[in-house]
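Everything below concerns the one structure shown next.
The values are calculated or read from the model by the stated rules, or taken from the named source; none is laboratory data. From a predicted model like this one, the values you see are computed outputs, not experimental measurements. Counting neighbours? That spans all protein chains shown, and the Cβs are built from the backbone with ideal geometry, glycine included. Heads up: the accessible areas ignore ligands, DNA and RNA and are worked out on the full protein's heavy atoms, side chains in. Shrake-Rupley method; radii C 1.70, N 1.55, O 1.52, S 1.80 Å.
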Amino acid sequence: MLRREFLATATFSLAALPLASSLSAVFGEETTSKKILYFTRSQGFEHDPVKLGKDGKSLSEKTLARLAKDRGYELVSTKDGDVFDGDLSGYSAFIFYTSGQLDQEGGDGHKPISAEGLQNLLSAIRGGTGFLGFHSSTDTWNRHTGYKVDPVYEQHEYILMHGGEFIVHGAQQEATVEVVDETLPSLKKREPSFRLHEEWYANKNFAPDMRVLASLQTAGMDNKDNNQCYDRPAFPCIWARREKKGPVAYCAMGHKMEFWSNGEFDDLIGDLIDVATGAIVVPTTPNLKQCCPGADMLQNSWRTGLVNTSD
């Protein structure tokens with residue numbers, strides 16, 4: 001009797017498998033993987049963390065893939081710009097560690113982004129897909145106009161979306177990062193500040209609507225000779241803003257391989273992924289003027305008595 005009941009139950013269970021599979025395909029909750037696109041084309045300088053190893057993967061890609069997987073996402077990594085010519089609706093966020101004029105040939109030799117691809121990218125972000133940039137993402141579509149704040153109408157639309165633009169950097173050195181906003185748990189536990197040896201990007205053209213999460217404290221930094229780019233007031237080094245519906249975030253760190261390999265900043269990287277995917281919502285109240293009032297007092301201008309253009 002028990003044997004007959006077992007066989008009947010087993011037969012029913014096997015017969016139900018196609019139906020269960022069909023239901024999963026229809027509803028897609030367990031079979032569809034959420035995706036994040038990691039783009040690392042270097043038309044300019046190619047940083048070590050995005051160089052492909054013998055296994056075809058970069059160190060930063062491996063770290064991001066692991067942290068994305070922990071959050072239920074599949075990381076899709078590429079250096080070919082034609083990815084933006086396709087359907088981008090399947091991505092929850094874009095992560096950029098890039099450099100140079102991405103619509104031009106050269107650099108690492110991978111395919112440029114077309115004009116249509118750039119508009120697809122920006123449209124997707126404005127429609128709600130998140131964006132996260134690391135380190136040299138602000139040295140992307142850079143106009144190289146030097147130590148001056150550029151009018152909005154002269155800035156590249158990618159830079160306007162991103163919220164800041166690279167000028168130059170000095171020698172790697174240890175500096176203080178001040179935590180300005182406690183929204184990210186990884187920053188809250190490091191408040192009020194922490195020290196880090198990095199290649200610090202001197203950025204400008206800061207979006208006035210940004211939410212500064214952490215600032216680089218230039219006081220005490222070596223600012224002589226080739227380091228004069230740090231002869232300026234404190235300025236944002238981690239920030240967030242919104243490009244219409246899309247959350248945007250940036251972290252100036254990530255030049256050194258240790259940032260990606262020793263696990264010390266995995267919590268920060270993970271939090272920034274969460275910002276880009278919407279799992280962490282950063283306040284949209286601007287705070288640039290309050291926490292970094294001299295951010296746009298650049299090395300060649302504030303000395304000569306020009307007004308602070310961040311006001």
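Some points to look at:
- Listed conditions (1) modelled with pLDDT of 50 or more; (2) among the charged types (D, E, K, R); (3) open to solvent by 60 Å² or more (accessible area, probe 1.4 Å); (4) assigned to a loop (DSSP other than H, G, I, E, B) are all met by GLU46, apart from (3).
- Only one of GLY164, GLY170, GLY130 that is open to solvent by less than 30 Å² (accessible area, probe 1.4 Å), in contact with a strand residue (DSSP E or B) (Cβ under 7 Å, 6 or more places away or on another chain), in contact (Cβ under 8 Å) with a residue 60 or more places away in the chain and within 24 Å of ARG232 (Cβ to Cβ): GLY164
- Count of region 269-281 residues which are out of contact with any Gly (no Cβ under 6 Å at 6 or more places or on another chain) and buried (at least 20 other Cβ atoms within 10 Å of the Cβ): 7
- Total residues in region 215-268, condition open to solvent by less than 10 Å² (accessible area, probe 1.4 Å), more than 16 Å from the chain's Cα centre (by Cα) and of a type in the set (A, V, I, L, M): 1
- Condition check for ASP82: farther than 21 Å from ALA249 by Cβ, in contact with a Lys or Arg (Cβ under 8 Å, 6 or more places away or on another chain) and assigned to a helix (DSSP H, G or I): yes
- Taking region 163-183 as the range and being in contact with a Lys or Arg (Cβ under 9 Å, 6 or more places away or on another chain) and of a type outside the set (Asp, Glu) as the test, the residues that pass are GLY163, GLY164, PHE166, ILE167, GLN172, ALA175, THR176, VAL177, VAL179, VAL180, THR183.
- Residue ID - least open to solvent (accessible area, probe 1.4 Å), chosen from residues in region 74-107 that are of a type in the set (S, T, N, Q) and more than 21 Å from TRP141 (Cα to Cα): SER92
- Pairs, first in a loop (DSSP other than H, G, I, E, B) in region 210-228, second among the hydrophobic types (A, V, I, L, M, F, W, C), C-beta under 6 Å, six or more apart: MET210/TRP239; MET210/LEU288; THR218/ALA234; MET221/ALA175
- Residues in region 173-195 that are charged (D, E, K, R) and open to solvent by 50 Å² or more (accessible area, probe 1.4 Å): GLU174, GLU178, GLU182, LYS188, LYS189, GLU191, ARG195.
- Residue within region 63-76 that is modelled with pLDDT of 95 or more, in contact with a helix residue (DSSP H, G or I) (Cβ under 8 Å, 6 or more places away or on another chain), assigned to a helix (DSSP H, G or I) and among the hydroxyl-bearing types (Ser, Thr, Tyr) present: yes
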